[in-house]
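These notes concern the structure reproduced below.
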Amino acid sequence: MDSNNGPKRQFAKHLKLQTRYLLINCFLTMKYIKLTTFALLIIAFFAFVEGDNKQFEISKNLEIFANIYKELNTHYVDDIDPARLMRTGIEAMLETLDPYTNYISETDIESYRYMAEGKYDGIGANVRKMGDYVTIVDPYEGGPAIEAGLRAGDMIIAVEGRDAKDKKTDEVNDILKGFPGTEVSLTIRRPGEDQDRTVSVKRDEVAVKNVPYSGMIADDIGYVVLNTFTNNAGKNVENAIQTLRKEHPNMKGLIFDLRNNGGGYLREAVSISNLFIAKDEVVVTTKGKVRDRDRSFNTTDQPTVPDLPLVILTNKYSASASEIVSGVVQDLDRGVILGDRTYGKGLVQNTVDLEYNAKLKLTTAKYYIPSGRCIQSVSYEDGEPIDIPDDQRAVFKTRGGRKVLDGGGIIPDVPTGDQNQSAIVKFLDENDLIFHYATMFHQKHADIGPAKDFRFSEFDDFVNFIHDKQIDFKTDTEQEIEELLAAAEEDHFLDLLSSNLKEVQAKINQEKSDDLQENKEEIISLLEREIVSRYQYQTGRIEKTLQNDNDIKLASDILRQPDVYQRYLRKN
């Protein structure tokens, strides 16, 4: 029995040890699971508390907001406008974000439609505040304003009999827009006429061309200008290029003008990029907070002009979709960028429908072009991007190895810019003196002939016009002298400084008297563009610009010299 029981006892002992080992392991495993579960529960709890706190903060502040509004509505000394008060609050909230996250009320829908589609219902004219009154500055070709006899320079004195003095541009614009077929009565004051006139304008759907002009510079360089990336922009640009190539088979290159183009639809930027670059190339990638929504946009077709030498013109107002196209062309070494640094808007907006036909346009992502860089300016001041020093910007490489920088826009391969514009020319522009003279010129001359043949030869008359206006042109130096004199008088140092400063002022006055003559050529160029636009509108202005524009002349020279063109595309 002992011999038989020994193995049994050993087996029982072994089984007992194994069982104990398993129990210990189970205990430790359960303990680990419990600890892990406990830790996860703690994390979830704090996440819940944090989320709950956030919801509580939202609810709390909404309640405070509602109570403030109720108190204002009940007890404020004057009647309040609920819509205006609420809009002010909404806009103040959105101002803490980037400049492109905006509230679009029902009354703004026509403006939004114009920005998105290039269409709106109204009188067909660009207006701007000048002095006390909103003034028509650019009636659109074929639009209701021209059909009703309105001209650039007409001041809107009243709308539907209501005085328009001191009204803001937006206030007048809101009334000018409306359903097609409806009429709006305008009292206008035309410079040079003794009596105001009342004009009835029938509103209509106004379609502003996104490709207002295409043509040839001399016989060998094509030119296409794009104003906005609205519907069919890609198709319209393609048609313009194809027409130029068909009519001018020996075309050596293309100038694509994106100056003053503030952007538009992303899909149109991809479509236009596809005209120049190969199929299946990545044009732009969007990345936002929700990673599942990140997307890449590729070209889908064979390019229309894969090898045609290309120069893209940009300036500080070229933004968004304009920067995608110019950035893609630069990153892939497909063409030369010429002009001024672009605006620096690398943000993607989506529009959300709200109650009562309102919309919220909010930034949801940033876009990145083929080199991997984002051109978004990182900070703003008063809604405008702040320049980022180049030594603080990350370096990327184009496909051919050229160095390019991120942040703050696209830096042209051939920088020109407007830094050299004279102070007197800026003064004339800022005070609308060239605009007003063109209005007066139009009244005196019934016709000027074809835009390309017009030459302005009455510069002395323009000089007399400026002197008659008696507008004091002050340089920055003069303004600083005045501030210094005021400070010196306050500190009782005026006698000590006045004689020296007056001598400096006399020299400045002597130089200022010659400023108009010294900048005669530049001023005449601006006058010719503005005068021609009075007779032949946007088309005439562009045709005259082609003759006088230094950037276009430089771009043409580059395209006519293949060695020079290729030099800009080679590795730095």
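None of the figures in this text is laboratory data; all of them are computed from the coordinates on show. Computed from a predicted model, the values in this text were never measured in an experiment. With ideal geometry, Cβ positions are generated from the backbone for all residues, glycine too; neighbour counts draw on all protein chains shown.
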Q | For region 213-418, size of Cβ-based charge dipole, Lys and Arg +1, Asp and Glu -1, in debye | A | 560
Q) Taking the Cα centre of region 119-207 as the origin, how large is its charge dipole in debye, to the nearest 20, when only Lys and Arg (+1) and Asp and Glu (-1) carry charge on their Cβ atoms? A) 120
Q. Of all DSSP beta bridges in region 213-418, what percent run antiparallel (nearest 5)?
A. 60
Q) For ASP515, ASP257, ASP219, what ranking results if the residue with the fewest other Cβ atoms within 10 Å of its Cβ goes first? A) ASP219, ASP515, ASP257
Q) What length, rounded to one decimal in nm, is gained on full extension from ARG128 through to GLN443, with 0.36 nm per residue of separation minus their alpha-carbon distance? A) 111.3 nm
Q: Using the Kirkwood radius over Cα pairs, work out the Stokes-Einstein diffusion coefficient for region 213-418 at 20 °C and 1.002 mPa s, in µm²/s as a whole number.
A: 123
**Q.** In region 119-207, lysine pairs with alpha-carbon atoms under 19 angstrom apart (chain gap of 8 or more, or interchain)
**A.** 10
Q. Efficiency by 1/(1 + (r/R0)^6): what FRET value for ASP219 and ARG567, r their Cβ-Cβ distance, R0 = 30 Å, to the nearest 0.05?
A. 0.75
Q: State the number of lysine pairs found in region 213-418 whose Cα atoms come within less than 16 Å, restricting to pairs 8 or more positions apart or on distinct chains.
A: 6
Q.
Restricted to Cα positions, what overall size does region 189-331 have along the principal axes? Three whole-Å values, descending.
A. 63, 49, 28
Q: Based on a Kirkwood Rh over C-alpha pairs, give the Stokes-Einstein translational diffusion coefficient of region 119-207 at 37 °C and viscosity 0.692 mPa s in µm²/s.
A: 259
Q.
Modelling each spin label as a point 7 Å along the Cα-to-Cβ direction, I'd like the LYS469/ALA66 distance in nm, to one decimal.
A. 5.5
(Q) I want to check the label-to-label distance for THR539 and THR243. Put each point 7 Å from Cα in the C-beta direction and report it in nm to one decimal. (A) 1.0
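Please identify the GluC sites (Glu not before Pro) of region 129-221 that satisfy two criteria: DSSP loop assignment and at most 12 other Cβ atoms within 10 Å. Which are they?
GLU160, GLU193
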**Q.** Calculated from backbone phi, Karplus (6.51, -1.76, 1.60) coupling profile of region 84-91 in Hz, x at Gly/Pro
**A.** 5, 5, 5, 5, 4, x, 5, 5
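Sort 273-282, 310-319 by the packing proxy (mean of other Cβ within 10 Å over each peptide's residues), most packed first.
310-319, 273-282
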Q: Just flag the trypsin sites (Lys or Arg not before Pro) in region 148-231 sitting in loop per DSSP whose Cβ has no more than 11 other Cβ atoms within 10 Å.
A: LYS168
